Amino acid sequence: MISILDYDAGNIASVEKAIKYLGADCAVTRDGNTIMHSEAVILPGVGAFGDACEKLSDYGFYDIIPEYIKSGKPFLGICLGLQLLFKESEESPNASGLDILPGKIVKIPDTDGLKVPHIGWNSISINKKSRLLAGIPDNSYVYFVHSYYLKARDPAIVAATTEYGVTMHAACERENVFATQFHPEKSGEVGLKILKNFISIAKEA
């Protein structure tokens, strides 16, 4: 079973619907025992970094998530879920994220002709070594909704980039930890293929 973490963030139901559509058993939960016994875990979300950090703390996820990741089983962060895997965000300077991966979250710069938040479809340039994005054609289009983006400290963890006034790290992965800034659950057949890849990784783990 796949656990989808419930910390009062937006868009959790859309992820649940997509996983069930692909035929995988999943549950929206914040129960530590359920999470630790899951085959895989997804941290989705739309919202503010600081507010989300408070909720993660309230529900004990600052202990549960690192413990789960140490188990070696697959973990996927989506949108805000990607950002929370890092220590800091310019959106909420006083908040501290999970600090699982090296890097920081920064604001999309103002650029003539480009709106912030970045909402809509953008193509991604894919790292061919990525397991999460295996079989996805380079320059495929996926759906974004965000005002802040990842600047990874270690280029080796970058699974995909996109261009929106600046080169943004659109997906990352290291060992059993995977994350996308874009929303696979809203990215049509390409997004479903990405989620299917994650389900397959969970079955192989």
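Do you know which residues across region 1-16 are surrounded by 17 or more Cβ atoms within 10 Å (Cβ to Cβ), in contact with a Ser or Thr (Cβ under 8 Å, 6 or more places away or on another chain) and not polar (S, T, N, Q)? Spell out how you get there, then give the answer.
At the first step, the residues of region 1-16 found to be surrounded by 17 or more Cβ atoms within 10 Å (Cβ to Cβ) are 2-7, 9, 11-12, 15-16.
Subsequent filtering for residues that are in contact with a Ser or Thr (Cβ under 8 Å, 6 or more places away or on another chain) retains 2-6.
Those that are surrounded by 17 or more Cβ atoms within 10 Å (Cβ to Cβ), in contact with a Ser or Thr (Cβ under 8 Å, 6 or more places away or on another chain) and not polar (S, T, N, Q): ILE2, ILE4, LEU5, ASP6.
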- line: Within region 70-84, residues open to solvent by less than 10 Å² (accessible area, probe 1.4 Å) and over 8 Å from the mean Cα position of the chain (by Cα) come out as PRO74, PHE75, LEU84
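Quick one: is ILE35 β-branched (Val, Ile, Thr) and over 29 Å from VAL106 (Cβ atoms)?
Values: β-branched (Val, Ile, Thr): yes; over 29 Å from VAL106 (Cβ atoms): yes.
So ILE35 fits the description; yes.
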task: Keeping to region 14-48, report how many residues are closer than 24 Å to HIS146 by Cβ and among the β-branched types (Val, Ile, Thr).
output: 6
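Can you list the strands (runs of 3 or more DSSP E) lying wholly within region 88-205 that have 2 or more residues being open to solvent by 20 Å² or more (accessible area, probe 1.4 Å) and modelled with pLDDT of 95 or more? So that I can check it myself, show each step before the final result.
Numbers: elements: 103-107, 118-123, 141-146, 148-152, 158-163, 167-174, 177-180.
In region 88-205, the matching strands (runs of 3 or more DSSP E) lie at 103-107, 118-123, 141-146, 148-152, 158-163, 167-174.
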- line: With the first residue restricted to region 90-110 and required to be on the phi > 0 side of the Ramachandran plot, and the second required to be crowded, with 18+ Cβ neighbours inside 10 Å and in a loop (DSSP other than H, G, I, E, B), Cβ contacts under 8 Å at 6 or more apart or on different chains are ASP99/PHE86; GLY103/PHE86
field: Unmet requirement for TYR164, which otherwise passes all of (1) in contact (Cβ under 8 Å) with a residue 24 or more places away in the chain; (2) out of contact with any His (no Cβ under 6 Å at 6 or more places or on another chain); (3) not acidic (Asp, Glu)
entry: (2)
- prompt: From the residues in region 17-47 that are at pLDDT below 95 and assigned to a loop (DSSP other than H, G, I, E, B), which one is least open to solvent (accessible area, probe 1.4 Å)?
  reply: GLY45
task: Report, ordered by the first and then the second residue, all pairs with beta carbons closer than 6 Å, sequence separation of six or more or different chains, a first member in region 4-27 that is at positive phi, and a second member that is of a type outside the set (Phe, Trp, Tyr) and open to solvent by less than 30 Å² (accessible area, probe 1.4 Å).
output: ASN11/PRO44
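The values are calculated or read from the model by the stated rules, or taken from the named source; none is laboratory data. Because the structure is predicted, anything quoted here is derived from the model rather than measured. Cβ coordinates were reconstructed from backbone atoms using ideal geometry, including for glycine residues, and neighbour counts include every protein chain displayed. For the accessible areas, the whole protein counts, side chains as well, though only heavy atoms, and no ligand, DNA or RNA atoms are used. Shrake-Rupley method; radii C 1.70, N 1.55, O 1.52, S 1.80 Å.
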